[in-house]
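Notes follow the structure.
All of the numbers you see were taken from the coordinates with simple rules; none came from a lab. Predicted model, so just to flag it, every value in this text is computed and none were measured. Here the Cβ positions follow ideal geometry from the backbone for every residue, glycine too, while neighbour counts run over all protein chains shown.
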Amino acid sequence: MRINKTFAGVAVAAILASSAVSAQDVVGYITKSATNAGWMMINQGAADAAAEEGVKLVSVGPAFQGDLSSQLEVFENLVAQGAKAIAVAPVDSAGIAPAVNDAMGAGIPVVAVDTGVSGAEVTSFVATDNYAVAKVQGAVAATLVEDGQPIIYVTGNQAQSTGQERMNGFMEAFAAARPNSEILQVPTEWNSQEAQEGVEAILNSRQDIAMVANAWDGGTMGAKAALENLGFGAGDVKLVGFDGAGDAIAAMDDGWVHANTAQMLYQMGYQGIKAAAAAARGEDVSARIDTGFFLVTPATSGTYKAMVGIE
Amino acid sequence: MTDVSNTHTTATLQDRIVLGLVKFFRAEWSGAFLAILILGIAIELATTGRPFFHPSNLMTILNNSAAIGIVAGGMTLVIITAGIDLSVGSVMGMTAALTGYVASFWGFPPYLAIMTGLSIGLAIGAFNGSLVAYFGMPAFIVTLAGLSIWRGTGHLSTGAQATPKLPETFDYFGRYNPFAGLRDAYREGTLSGVWERFGAFVDDNWINFFRTFQMSMLIFISFFVILTIIIANTRYGRWVYAIGSNEPGARQAGINTPRYTMITYMFCSFSAALGALLFLGRAPYAKSDYGQMWELDAIAAVVIGGTSLFGGRGSLWGTFMGVILLKLINNGLTLAQLDTFWQMVVTGLIILVAVGLDIVRQSKDPESVRKLLGALAAVMAFLALMTPGAIFLRAKIALLEHNAATSLREAGETLAAGQNARLLSPDEIVQLQNAASSNLVAMILLLALVLAACSVVLRTSRINSFVLAAVFVVMIAPVTIMGYQITAPFLVLGGASLLGSAYVHALFARARALDVNAH
């Protein structure tokens, strides 16, 4: 990992040095993942906003998903080398706080994207309200099953606020509407393999599961693979997703997925960098920017696809 | 001499059991096997519904072990040569992504895509192997660099995008069920005679047995059978062990050690590529972030299976058991619906126990075996203790935190949100005080049991072990009355292991005597 971090440091230095010549404002963007399908949409939004605002975007991802120490190191490098503003998607809400405090103390605005920072003030927090959206997901999921039918919930990482809020929101809304339904959990750290294996284990040992709800669409696709591995057909066990990722929407068109709460992922990156660029110029930015969500069902999937540009 | 033949012809049942035990513990896979058995029984007791040892559940575990299992099989050979390959996870991810990529976007027919994937595996192995064998670079460094290089290459070449669903040919490496066609034909009514009866049998037992009888599992088992035969019966197999136990010696004996080291690394990367194909056979799509941390899981499986990280000693069946143990932990803890964070802790503890079993297995000292069994009893008593103990501690800590937050507020500090959340209502305080006091007696009883078991670990007589084993069993009655039935399996297991510990010395003495006679 040492090697990765050193490369990241060199890359940051090189990009900052070359940008000094072009005299653009430099905005640092510390992302959570460069390979997750959802994150690639956020990153695309960030890149487009930077191009529009005419700022130089220095985009750095962690060496692997969940690597806090490389995020902290990149943060320090960006501060030391004169970034005008920093947008960050923390892998650990509390862990990133000291670095955020240092930057804010040095007068560099920090915009948190997707995941909040606990224990430090930020200039702006740009995200979907995960808890509120998850409550919608839970309420919609409840309408798909009878009271008393057991379901599976595939969790996200429970050490992160995003994972906690999505689970809490879902559980509260679902349990309120279907108090007699048992909810079995498949714990994951945002890994579709864990989702697939856990769902397969439970579906194989019980015949009465009516639905698999997921904290993110990697889980939805893992759960779909588990169903296929056990010879289920589309609709035998209902799937409910979260994120509105392209492959999950395609699976909805094939009859596998029955509801999906889509975050406006592109908007999250786009508005995050817009806010960071505005703050870099010294303009006032709203402290909380809610990027909203869209409930995708078989009836609304056409509208959603047109909106986010999925053919 | 007459004496020897006598012992053999008139071998008592007891002696045969002793010999059987000795033979069992000489096998490298016995540690992992025991851990699987103990864990399986524990999960069986903790879960309701379909039994854990149900064939269909065991086959699910085998199906999901297949991909990582084949990767670990290749890793076993590398580790036996005293090497290491940290790049297998990245190689698996890259070959999975590229195989899917050329099949989806370049229009390669599936067999050609599969050949491409396997060739990439071989080529990477040749690269790693030649750096290690011919340029004398440390395997750890070469493959650590590979971990980064191949992951990055995989992301770069596929844009880190998922492919669409792969062609059905890939199912033959994974979810394809050899009985599915027969069942379909039966349901359509196109069978007759014996086939019809067989079809009816398959259909009747579909959910209970045949549904999970899939290619993943069949390939996984065949791979280990074939590889074991190769290693046991070829010069290559013997030389792998020779290189691992004494490389300069092997070279002086005329073995072309660089060549065989390189072949071993090539085989390891090839296994990673084959593992990728098995993974694709069960996965939703191909993507370059597959296989993250697999190098660690593979190494863990190899070590749990009794293979030495220093080379020269180890077995493929041990690795087979090690992989199954790792997957069984995930599967069982998910079925038991254990809390996420506890799953992490328990997973680590089980790995420690498995490796501990293996170390004790190798030791020739009866005293250390006795101590391990005593320690196992102490751990069981501790687990029983934690049932009332956790409630007691949680209540006490909540009250303490409430008091701390109250006194901070009284001192005029402004409280943070997290501190305010620690303040309790009067009702909650009464509830917690009740919880603490009602769990106190059970906790003290079980704490005494833990301490007694710990003292037995240090020093004991046979009588003490018997008495304490009896106390373990007797203890079930009072704690059950207090409402902690769940501790009963722990106490039974603890009692059994103490009972076993009382016989360890006798067992070793008898085994030695039999051994001396036999030779």
Once the Cβ-Cβ distance between B:LYS23 and B:ASN246 is put in as r, and R0 is 30 Å, what FRET efficiency do you end up with, to the nearest 0.05? 0.65
Using only the alpha-carbon atoms, what does the stretch A:130-263 span along each of its principal axes? Please give whole angstrom values in decreasing order. 34, 30, 27
From the P(r) of the stretch B:406-519, could you give the percentage of C-alpha pairs in the tail past 18 Å? 67
Under 5 Å from the placed amide H of B:ALA82, counting only residues 5+ away or on other chains, we find B:GLY311, B:GLY312
Other-chain or far-sequence residues with amide H under 5 Å of A:ILE310's (modelled H): none
7 Å from Cα along Cα→Cβ at both B:VAL467 and A:SER69: what's the point-to-point distance in nm? 5.1
Cβ-Cβ cut-off under 13 Å around A:ASN214, Lys and Arg +1, Asp and Glu -1: the net charge is -1
Where labels lie 7 Å past Cα in the beta-carbon direction, separation of B:ARG512 and B:TYR172 in nm: 5.8
Output needed: percent of Cα pairs per 10 Å distance bin for the protein assembly as shown, bins running from 0 to the one holding the longest distance. 2, 11, 18, 22, 21, 15, 7, 2, 1, 0, 0
If the chain between A:ASN101 and A:ASP48 were fully extended at 0.36 nm per residue, the gain over the current Cα-Cα distance would be 16.3 nm
Taking N as the number of residues in chain A, what value does Rg over Cα atoms divided by 2.2 N^0.38 Å take? 1.04
Say a site is exposed when it is one of the trypsin sites (Lys or Arg not before Pro), sits in a DSSP loop, and has at most 11 other Cβ atoms within 10 Å; what is then the longest site-free stretch of chain B? B:1-363
How do B:CYS454, B:CYS268 line up, fewest other C-beta atoms within 10 Å first? B:CYS454, B:CYS268
Return the FRET efficiency for the residue pair B:SER192, B:ARG235: r is the Cβ-Cβ distance, R0 is 51 Å, and the value is rounded to the nearest 0.05. 0.45
Span-like helix ranges in chain A, DSSP H, alpha carbon extent 15 angstrom or more, Kyte mean at least -1.0: A:2-22, A:37-53, A:68-80, A:130-144, A:161-177, A:192-205, A:217-229, A:265-280
Please work out the Cα center distance from the stretch B:273-306 to the stretch B:10-70, rounded to the nearest Å. 23
From the Cα centre of the stretch B:440-519 to that of the stretch A:221-276, the distance in Å is 52
Length gained if B:LEU447 through B:ILE41 is fully extended, taking 0.36 nm per residue and subtracting the Cα-Cα distance, is 143.7 nm
Which loop GluC sites (Glu not before Pro) in the stretch A:112-185, with loop taken from DSSP, have no more than 13 other Cβ atoms within 10 angstrom of their Cβ? A:GLU121, A:GLU146
Name the aspartates and glutamates eligible as straight-distance cross-link partners of A:LYS305: C-alpha to C-alpha under 20 Å, and not fewer than 8 places from it in the same chain. A:ASP48, A:ASP217, A:ASP243, A:ASP247, A:ASP253, A:ASP254
Going down the table (B:LYS23/B:LYS364; B:LYS165/B:LYS287; A:LYS238/B:LYS287; A:LYS224/B:LYS165; A:LYS56/A:LYS84; A:LYS32/B:LYS287), which pairs top 21 Å between alpha carbons? A:LYS238/B:LYS287
Collect residues whose amide H, placed 1.01 Å from N in the peptide plane, falls under 5 Å from the amide H of B:TYR484; neighbours closer than 5 in sequence don't count. none
Just report the Cα centroid separation between the stretch B:367-391 and the stretch A:92-153, whole Å. 41
On C-alpha positions alone, give me the angle between the axis of helix B:235-245 and the longest principal axis of chain B, in degrees, nearest 10. 50
For chain B, what number results from the quotient of the Cα radius of gyration and 2.2 N^0.38 Å? 1.18
FRET efficiency estimate (nearest 0.05) - Cβ-Cβ, B:LEU156 to B:PHE135, R0 22 angstrom: 0.30
Relative exposure of B:TYR265, B:TYR172, B:TYR111, A:TYR266, judged by other C-beta atoms within 10 Å (fewest first): B:TYR111, B:TYR172, A:TYR266, B:TYR265
Virtual spin-label span in nm between A:ASN168 and B:ALA411, 7 Å along Cα→Cβ: 2.8
